[in-house]
Amino acid sequence: MSKKPKNTFDPYNWSKKRINTLMDKISSIKNDGLSLSPGQIWSLKKLLFLDYYARAFVTIIRKNDFQNWYYVDTHAGTGMIGFEETDLIKERFPGSPLVAAFRSPEFSFTHYFFSDIEDKSIHSLKERLQSVKPLTGAIDYTAQVMDFKKTVEFIETKKKFGNAFLIFVDPTGYSEIKWDLMKKLLAINTADIVFTFMTYSIALNKENTMENLATEQSFNEFFGNQDWKKCEDGNALVELYRLQMSQFKKYVEVIPVFQTGERKLYDLIIATNSKGGSNVMEDTRRIMEVTTTELFRDALKVITGKTTDLTQFFGNSNPS
Ligand SMILES: C[S@@+](CC[C@H](N)C(=O)[O-])C[C@H]1O[C@@H](n2cnc3c(N)ncnc32)[C@H](O)[C@@H]1O
């Protein structure tokens, strides 16, 4: 008798379907004229990761005795990204706050906290959250202009028995992230952290630290020590950071995100104390592998009506 395969998750079909669904959800606000967060095809990867992880997080949390589960987006941006690539210049994709919000009402967080240092970003985000309300339902959210440091202080006030957090830390670079602040987030037992480690730019800037005292100082603050000086390349730097995070969390995984081929741009570092959370990694790693520029173009063709053969685009996919 043939055995049912253990994991029938098909990352390719899943990704295609989710790209299409997410783009479809912003079709009515695509040309709203509000400000956009900058994007590239590879931004889509972290967003698809978030989409998958948010669903898994809520599913796991609901099986436990939590009263509140917060989605926290410390660098929320505007809620919508545009693309620099010439042939994608008119296309849009939901940014992290909308990706998380669109998981509602099926996989809703009890509260959403979005913050960003820029006034304009939060203004655009609030407008967009209002516009997509028919799709998200009445979610309980706060969107505030706030520096990362203040957001960390705010999260600390919510730390109590019965509260869990999914914290998405998606900075522009590295200088606004200080190890002292990361440590505070990592010390929250019931917080899963997803951190975009900008490997390429961190490795590149390390070269400047010899001549530039300010850059050296921001590296010291980012890592919280000077061990980074011994790291020879981006992989060693991300491994150092992973090890530091492991002092606080049981499971710390790194998922590399490549631009093309071997050229790595950033790593997603996921830190959790939950076995369930760590189990999700294998599926998400496979999603990262298949989310190519070509896949995205395919999705665009369907959305913009350039491809009529939908059956070729969609395959069997799971979970939703
Ligand atoms: C990579 S973008 C975020 C994109 C967003 N997560 C998305 O998926 O659309 C980084 C954001 O960090 C914000 N930012 C920069 N420095 C910050 C700080 N110190 N505290 C909070 N936000 C900051 C920028 O305004 C920008 O919107």
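Brief remarks follow.
- Every pair of residues 6+ apart whose Cβ atoms lie under 8 Å, when the first sits in segment 153-181 and is within 17 Å of Phe114 (Cβ to Cβ) while the second is small (Gly, Ala, Ser) and more than 12 Å from the ligand (Cβ to nearest atom): Ile155/Ala191; Phe165/Ala191; Leu166/Ala54; Leu166/Ala191; Ile167/Ala191
- Scanning segment 102-131 for residues that are hydrophobic (A, V, I, L, M, F, W, C) and more than 12 Å from the ligand (Cβ to nearest atom) yields Phe102, Phe107, Phe109, Phe113, Leu129.
- In the set (1) closer than 24 Å to Val152 by Cα; (2) charged (D, E, K, R); (3) assigned to a helix (DSSP H, G or I), the condition left unmet by Glu176 is number (3).
- Residue selected from segment 142-198 under the condition small (Gly, Ala, Ser) and farther than 17 Å from Asn220 by Cβ, by the criterion nearest to the ligand (Cβ to nearest atom): Ala143
- Neighbours by Cβ (under 8 Å, 6+ apart or cross-chain): first from segment 4-19, at pLDDT below 80; second assigned to a helix (DSSP H, G or I) and crowded, with 16+ Cβ neighbours inside 10 Å: Asn7/Asp283
- Candidate set from segment 66-90 (those that are polar (S, T, N, Q) and out of contact with any helix residue (DSSP H, G or I) (no Cβ under 9 Å at 6 or more places or on another chain)); member that is farthest from the ligand (Cβ to nearest atom): Gln67
- Residue in segment 158-192 that is nearest to Ser108 (Cα to Cα), counting only those that are modelled with pLDDT under 95 and under 16 Å from the mean Cα position of the chain (by Cα): Thr172
- Pairing residues of segment 40-54 that are hydrophobic (A, V, I, L, M, F, W, C) with residues that are within 12 Å of the ligand (Cβ to nearest atom) and in a helix (DSSP H, G or I), at Cβ distances under 7 Å and at least 6 apart in sequence or on separate chains, gives Leu47/Ser96; Leu47/Val99; Leu50/Ser96; Leu50/Val99; Leu50/Ala100; Ala54/Ala100.
- Residue pairs whose Cβ atoms lie under 7 Å apart, sitting 6 or more positions apart in sequence or on different chains, and linking a residue in segment 253-268 that is without any contact (Cβ under 8 Å) to a residue 60 or more places away in the chain to a partner that is of a type in the set (Ser, Thr, Tyr), are Glu253/Ser278.
- Filter result for Ala138 (of a type in the set (A, V, I, L, M, F, W, C), more than 15 Å from the ligand (Cβ to nearest atom) and not in a strand (DSSP E or B)): yes
- Checked against (1) in contact with a helix residue (DSSP H, G or I) (Cβ under 9 Å, 6 or more places away or on another chain); (2) more than 19 Å from Thr272 (Cβ to Cβ), Thr157 passes all but condition (1).
The values are calculated or read from the model by the stated rules, or taken from the named source; none is laboratory data. Just so you know, these numbers come straight off a predicted model, no measurement behind them. Every residue, glycine among them, receives a Cβ derived from its backbone with ideal geometry; neighbour counts consider all protein chains shown.
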